[in-house]
Amino acid sequence: MRIKRLRTVAALSAVVALALSACGGSDESPSDGSTGAKNEFNAALTGVVSPSDKKGGTIKMANADDWDTLDPGETYYGYAWNFARLYGRSLLMFKPAPGKESNVLVPDLAESLGVPSDGGKTWTYKIRKGVKYDDGTEVKAQDVKHAVLRSTDKETFPNGPAYFEAFLNLPAGYKGPYKSKGVNTDSAITTPDDHTIVFHLKNGFGGFDYLAQLTQTMPVPEAKDDGAKYRNHIVSSGPYKFENVQPGKSFALARNDQWDQATDPNRKALPDRYEVALKVSADDIDNQVINGTIDIDVQGTGVQPASLSKVLTDPALKASSDNATIARLWYTSINPTVKPFDNIECRKAIEYGMDKTSYQTAYGGPFSGGDLATTIMPPLVPGYEKFDLYPAGPDNKGDQAKAKEALTACGQPNGFSTNMAYRSDRPREKATAEAFQQALKPLGINLTLKGYPSGDYFSQYAGNPGFVVKNGLGLATNGWGADWNDGFGFLSQIVDSRVIRPAGGSSNTSVRIPEVDKMLDAAIAETDTAKREKLWAPIDKRVMEEAVIYPGVYAKSLLLRPKNLSNVFISEAFNMYDYLSLGVK
Amino acid sequence: MPGTVITYIVRRLIAAIGLLIIVSAITFSIFYLVPRWAGASPETLANRYVGRAATEETVKLTAERLGLYDPIAVQYWNWAKGVVVGAEYDYGAGVERCPAPCLGYSFITKQPVWPELLDRIPVTLSLAAGASILWLVFGVAIGVLSALRRGSIFDRAAMTVALAGVSLPIFFTGLISLAFFSYRLGWTKPGGTFVPLTDNPVLWAQALILPWITLAFLFSAQYARLTRAGMLETMNEDFIRTARAKGLKERNVVVQHGLRGALTPILTIFGLDVGLLLGGAVLTEKTFSLPGLGKYAVDGIVANDLPKILGVTLVAAVFIVLANLIVDLLYAVVDPRVRAK
Amino acid sequence: MTNDNAFLSVRDLRVHFPTDDGLVKSVDGLSFDLERGKTLGIVGESGSGKSVTSLSIMGLHKGGSARISGEVLLDGQELVSSSSEEVRLLRGKRMAMIFQDPLSAMHPYYTVGHQIIEAYRVHNNVSKAVAKKHAIEMLDRVGIPQPDKRVDAYPHQFSGGMRQRAMIAMALSCDPDLLIADEPTTALDVTVQAQILDLIRDLQSEFNSAVIIITHDLGVVAELADHIQVMYAGRAIEYGTAEDIFDRPQHPYTWGLLGSMPRIDRERTERLIPIKGTPPSLINVPKGCAFNPRCNYAHLNGGASETERPELLDSGAGHMVACHLSPQERQKAWETDIKPKL
Amino acid sequence: MTAPLEVEPGAATADPEAVLKGMGKIEGRSLGQIAWMRLKRDKVAIGGFVIIVLLILMAIFANLIIKLIGHPPNQFNQNLIDTVGGTLAPTGKFGGMSWEHPFGVEPVNGRDIMSRVIYGSRISLLIAFFATLLSVAIGTTLGIVAGFFGGWVDAFISRLMDIFLAFPLLVFAIALAGVVPDDAFGLKGDSLRIVLLIFIIGFFNWPYIGRIVRGQTISLREREFVDAARSLGARRPYILFTELLPNLIAPILVYATLLIPTNILFEAALSFLGVGVRAPTATWGGMLSDAVTFYTMPHFMLWPGLAIFITVLAFNLFGDGLRDALDPRSR
């Protein structure tokens, strides 16, 4: 089972100027594109490997699972967003460049970044002229409007991001263009002419440009839109169009001859074709990438455990791999709703007693798993501050003495019994749960492990507050990665108590600190980016003080660099190879 | 005579349909009831089919759309009605007609189940066809030779291997052969990439050769044992002695009289095995990640996608029931005594 | 008892089977002669070796685990040392066999006609059509009505008696010189039994073949046999003409057989001389006379029966017996103990 | 061509039953004693039996043995794992095989494979035995009822068997094992999973034995009715049952012995598919499933695979021998 990149849903409306946060690191010098980076370990992290402008060829990709959906209105995986840019043009996009530069937003379908007015409540975008669909018709502002509106129909597209319905000033009770046919939506989006689109928000939101880069702004012609079925015959606005789509099996992209380089400063469109095979066994993908019969593992989550030793012990293979850092934390929730974790000292016993290195090992070790984590926010997120409230001893194998102390303070000097939930189809979470069980055993803390299917993990089990209490799930493995690198996007879904729904479904299962909710609101309200970034770390620290989250590892992945491709580099926006720039050698 | 044959087939078909109704009803009940015993409500069930950002209202609407509030009988009736007359499906931008046999739409991928199943059937069919030919040929040949040379070194060796064969779980032999032939030696593709026969016969065979051999090894072992036992029993029959007493050549005795009698029961077992296999060679497909019906079922179960599970169960049951019917009819062709009844 | 006119001559035939439990001596030194046109009845309990004898003559034990020694001369040709192929060519053509249960002895999947045609065509190079005509003729000859229709019927569609007739038709299809009938009537109704026996007799006279009838039922051989051989534990213990055996039986075992024979002309009474015990193991055949543990008269000769195996000796006019009792003792026992109760 | 094809015809007439019946030494002995005599001579079957006994002892004393070995099955030994280099493979050669860890250790957490294999025998045998028992109980009861009463009862039970046989069993078992909650029927944890697996495996396998018992019952009933007609009046059903059961023991015994290995494979398959006993409890199928991700380390899949193989083979060998001993014609 591969670990998919789950993305945040910011359901809260807030005035946040996100745009500036991403620009913070852009002063770093862009890598030298003319000579290219050497073919060595981690080369593609900071530079372009094998730069070339050679056109032609076919890029072969494989996915161990099914694509969640190709529909730009619903797709919600990092790799899918990375890939969608080949067949669709959103208003804005992250710059296809290596390193920090990839966090910069640049115009794509729009002529420039959004122009805010009315205190950030109105955002205007001018759409490039001459951009055509694969059927030759021109892309109009109305198509972007339709695309955004349809994505708000969460019954038809339940799994898509839900930012627009949260921020746009939609009419009350609006259920999307299918069910609310003919309803006037000018309160939310207007199109004064064919090449201008204006978004009207409920409240001012400085970071709206981040929403404008979502695949949900890729234009969808209303005439060709048939709801849930559109995913099988998407109309392309990018340089490639769908040649054939076999749901659950494969699809291929071929050149869209209606695409005009003149309208597109970002894409080189080097290869002639992209072929993507679905549901190929993950180990097979690794082997084929090593052999060169497949160019890229499209999910971009790193090699399988079986390939790990092969890649790390073979110098040649290691030289052609990249160890990407991901803005993601693998952690374990410590649920204070379950006795005896209602007592903070018992929670602290877990924080001290757990063997941090075995957590790392369970997740795949220093290369495939990640770095030892002591905070909730990963270092990639601006505002990250390093601290360690519960030092796990000199060798990071846990501080038994402190843990004992905490247990005694908790009134459970001989330990206690509780349960730990994990996703049974994820071997790494299973290994983590087993590691907890072993590490806590000497303290007298007996864990019963409970595996649940990942599909229902949050909706039925570990994310369902009633179930957690009823079944005494004191601990639950968990993980979180933001939609883009930002403290708000990272923290709000996992530390804000207000996202916990009684029927279940939220990732936050353990953090219920009113003070933290207030701190979050204050941070979101702060319009000064630099000041705001300083507000995230205290929240992080405050949650850690309560010992309701055990941070495991800041995720990393070991990626195999495609050996037959040119222009290979890792985009920090996606934490994987940038799929837009690749060419065939 | 043909009239009675037709009556017989019709009667059997009606019985088969009854069987399918019961099988699907039981499947439905289990998947309906067990989660509810576990404390699930229509909302929590719908929860898994909505995104994380879903509001309570969306959850309710989804539960309603999926019919989760209806009593079990109504839900089953709606499903069964769809199978027979087709159904209508709201895909957001409108309503689509899902023609019979409509096995519903996946709760998760929203693709209609029936075309997906149709897509999977060739995989399982290819797997079953190739493997069954292999095991039938090898299993029966080895079994016959063993029986004819009872006690010989060949017999002992063959039966030892056969016993070992039936004692090896397919997911073990499969894994070992995958690790060795596919990953270490790179002789075959490690599965997951099924190419239809009509597209490219070479790639088709290359992707399937290892599963065929692994599966055929297991079944050959079983069939060798069965054939040997059947052959020994048949060769002890009085009619074999009669055939010999006529002065028939031994080869004719064995082939025309012995094999004919010994193979009839094998035919029955063969039919049922192929039927079962067509319903999903779960372990083989899982081990070799072949996108067949068995893997579809497992995927459906893992994702808790009820329409998928129901669809594949029904198709599997259809295969088994059909196999039963065909076997019975074939039996009548082979054995005149059965024909009389 | 050598007979130069003998069509079939068996000399010191031994058929032994090695098994996990030991060596099974099914036939252990058997000799007899049979002329053309004559009928020999071989009588004994199951396990006495009578069926093994017939199968050995037919060569049906060849190639298996059986160890066969001695001689079987069919019209002067020695069969024991002949190759399997040589004997096969004789089977069905010069010697044929009828089996006990015609239902199991005929292949259930083939029509009766097919099975006769097959038998005929093994030894006669003729077309199927010709063979079929022959098959119909044969069925007609054994008294099956509407043979041209029945030829296409399957064995299970025949009645028991008709099936045995068909079996006989199959056996006789190549005009064999020797016909072995192994319990030909056991599986049949009493009324049908008589018909079948009549048929065999008629056909024998018609074809002038030698016939061996194997049975545990003395009543059957009484009707057909010229000579009778009684077997016990793989050996012959008495041999003589039918009159010898029925009117002057010499061996206590034969008495037992006679006593257990149901007779239509007699009221059903209790068995006269029940043969106590069970047939002996063919692996550990009792020492001395194999019958001695079950014999009511073994005590009469001072223990010789328990130590010494009696030879098969001529007690006059070709009537041979293997018993330690003196002729007088046997005479007395027969006249006083047995005969009155028959 | 003729000679080598020849089937030994001797078997047709050298009826071992008759031979044995006549053997002076064992005259009057029961079929059971005769079977036991035959079985004792069958070295292969005895070999299987000895392995089975050893396996059972191993399962019963698993905890003791593991204590002696000194490596609890769930204990991590990450000092034996290459965590620094990041490969997570055992640092020793051949999967870390050594005197200390004869079978090597698992990648990632370094658990002792030998201890886990030994512990796995417990789960495997326990489930297989009781599932077989359940199948036999249901199958025998329903088989006898169907065969004895005949009529609509028989028709009903026979249809029931048809339905069961028409189910895609494995799919169904996976589904069922997957949806049952963690606390149910007053049980939880391993004991719940074990009971659940026993129930699922046992419940789905009964029709096979049911058919055999039904057939036997019918044929015995026919025979009994003939006898009953001859003797004085009809016999009472309970007498029939008391006579029926002894006659059924032989086929049930043979079938049960041969069902155990099937059930071991079934359990292993369910564990392999991830619906068996829950982690970290060691099961053979579960270990194989874990080993899939580490196919480059064959030692990991070899030992649990071998354990399944040897156990199933031993039961098959013994079952075959038992069948031959009880029914010599099948030899």
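No lab work stands behind these numbers, since they all come straight from the coordinates. These numbers come from a predicted model, not from an experiment. Note: ideal-geometry Cβ built from the backbone for every residue, glycine included; neighbour counts use all protein chains shown.
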Mean separation of Cα pairs under 8 Å and 6+ residues apart, divided by the residue count of region A:255-375: what relative contact order is that in percent?
-> 14
Where the eigenvalues come from the Cα gyration tensor of region A:105-232, what are the semi-axes √(5λ) of the equivalent ellipsoid, largest first, in whole Å?
-> 20, 19, 13
Lysine pairs with alpha-carbon atoms under 16 Å apart, chain C, spacing 8 or more or separate chains = 6
Label-point separation, A:Lys518 to B:Lys81 (7 Å along Cα→Cβ), nm = 5.7
Cross-link partners among aspartates and glutamates for D:Lys67, C-alpha distance below 18 Å, same-chain residues fewer than 8 apart left out?
-> D:Glu100, D:Asp112
Two-site label geometry, A:Lys541 and D:Ile310: point separation in nm, points 7 Å out along Cα→Cβ | 5.9
Peptides A:427-438, A:466-477, A:195-206: what's the order by average Cβ count within 10 Å, highest mean first?
-> A:427-438, A:466-477, A:195-206
Enumerate the calculated ³J(HN,Hα) couplings along region B:157-168 in order (Karplus 6.51 cos²θ - 1.76 cosθ + 1.60, θ = phi - 60°), each rounded to whole Hz, writing x wherever the residue is Gly or Pro.
-> 4, 4, 6, 5, 4, 5, 5, 4, x, 6, 8, 9
FRET E, pair C:Glu308, C:Glu78, Förster distance 30 Å, beta-carbon r, rounded to 0.05 = 0.40
Under the rule rounded for a/c under 1.5, else prolate if a/b exceeds b/c, else oblate, using alpha carbon gyration tensor axes a ≥ b ≥ c, region A:324-557 is classed as rounded
Compute the label zone of A:Lys38 within region A:300-326: residues whose backbone N is under 17 Å from the point 7 Å along Cα-to-Cβ.
-> A:315-323
May I ask what percent, to the nearest 5, of DSSP beta bridges between residues of region A:324-557 are antiparallel?
-> 65
Looking at the protein assembly as shown, send over the antiparallel percent of its DSSP beta bridges, to the nearest 5.
-> 70
Counting only residues 5 or more apart in sequence or on a different chain, those whose built amide H sits under 5 Å from that of C:Ala96 are C:Leu178, C:Leu179, C:Ile180
Using label points projected 7 Å from each Cα along Cα→Cβ, tell me how many nm separate C:Ala194 and C:Lys332, to one decimal.
-> 4.1
By how many nm would the segment from B:Ile9 to B:Ala157 lengthen if fully extended, with 0.36 nm per residue of separation less the alpha-carbon distance?
-> 48.9 nm
Full-stretch length increase - C:Asp140, C:Phe207 - with 0.36 nm per residue and alpha-carbon distance subtracted = 22.6 nm
Potential lengthening between A:Asp388 and A:Thr190 on full extension [0.36 nm per residue; Cα-Cα distance subtracted] | 66.3 nm
What one gets for chain A as the Kirkwood radius, inverse of mean 1/r over different Cα pairs in Å, is 24.6
Taking every residue of A:218-226, the Cβ atoms of other protein chains inside 10 Å of its Cβ average out to 1
Listed by chain and number, the lysines with an alpha carbon less than 18 angstrom from that of A:Lys38, same-chain partners under 8 positions apart left out, are A:Lys318, A:Lys563, A:Lys585
What FRET efficiency, computed as 1/(1 + (r/R0)^6) with R0 = 45 Å and r the Cβ-Cβ distance, is obtained for B:Val74 and A:Lys470, rounded to the nearest 0.05?
-> 0.95
Counting helices only, and only those DSSP H runs with n ≥ 4, report the 222 nm mean residue ellipticity of chain A as the sum of -39,500 (n - 2.57) divided by its residues, in deg cm²/dmol to the nearest 500.
-> -7500 deg cm²/dmol
Mean per-residue count of partner chain Cβ within 10 Å for A:504-513 equals 2
For B:Phe171, what is the net charge nearby, where nearby means another residue's Cβ is under 12 Å from its Cβ and Lys, Arg count +1, Asp, Glu -1?
-> 0
Quick one: helix C:190-207 against the long Cα principal axis of chain C, what's the angle to the nearest 10°, folded into 0 to 90?
-> 70
Using per-residue counts of other Cβ atoms within 10 Å, averaged over each peptide, order D:86-92, A:257-263 from highest down.
-> D:86-92, A:257-263
Interchain or long-range residues, amide H under 5 Å from C:Asp28's placed H | C:Val15, C:Arg235
When the Cα centres of region A:391-406 and region A:333-372 are compared, how far apart do they sit, in Å?
-> 12
Round to the nearest 10 and give me the degree value, 0 to 90, for the angle of helix A:400-410's Cα axis relative to the longest principal axis of chain A.
-> 80
Go through region A:330-397 and name the trypsin sites (Lys or Arg not before Pro) that are in a DSSP coil and have 11 or fewer other Cβ atoms within 10 Å of their Cβ.
-> A:Lys386
Give the calculated FRET efficiency between A:Asn203 and A:Asp66 to the nearest 0.05, with a Förster radius of 51 Å applied to their Cβ-Cβ distance.
-> 0.85
Calculate the all-directions average of the projected area of region C:99-175's alpha-carbon convex hull, and give it in nm².
-> 4.4
Any chance you could count the Lys pairs in region B:113-339 whose alpha carbons are under 23 Å apart, treating pairs 8 or more apart or on different chains as valid?
-> 5
Rg [Å, one decimal], Dmax [Å, integer] - chain B, C-alpha atoms | 24.5, 86
Mind checking the log10 I(q)/I(0) for the protein assembly as shown at q = 0.05, 0.07, 0.08 Å⁻¹? Debye, one equal scatterer per Cα, no solvent, two decimals.
-> -0.55, -0.88, -1.05
Note: C:278-284 gets an average of partner chain Cβ contacts (10 Å, Cβ to Cβ) equal to 5
So what J values fall out for region A:568-578 if you push phi through Karplus, 6.51 cos²θ - 1.76 cosθ + 1.60 with θ = phi - 60°, rounded to Hz, Gly and Pro as x?
-> 9, 7, 9, 8, 6, 5, 10, 6, 7, 5, 7
Chain A, dipole about Cα centre (Lys/Arg Cβ +1, Asp/Glu Cβ -1), debye to the nearest 20 = 780
Which far-off residues, 5 or more places away or on another chain, put their amide H under 5 Å from the one on B:Asp90, with H placed in the peptide plane?
-> B:Glu96
Under the definition of Cα pairs under 8 Å and six or more residues apart, what whole-number percent is the relative contact order of chain A?
-> 22
Take C:Asp20, project a point 7 Å from its Cα along the Cβ direction, then tell me which residues of region D:42-61 have their backbone nitrogen under 17 Å from it.
-> D:42-50
So what are the ³J(HN,Hα) numbers for region C:160-168, from phi and the Karplus equation (6.51, -1.76, 1.60; θ = phi - 60°), rounded to whole Hz, Gly and Pro as x?
-> x, x, 5, 5, 5, 4, 4, 4, 5
Magnitude of the charge dipole, the protein assembly as shown, Cβ model with Lys/Arg +1 and Asp/Glu -1, debye to 20 | 760
For A:Lys518, list the lysines whose Cα falls under 23 Å from its own Cα; do not include residues on the same chain fewer than 8 positions away.
-> A:Lys202, A:Lys386, A:Lys531, A:Lys534, A:Lys541
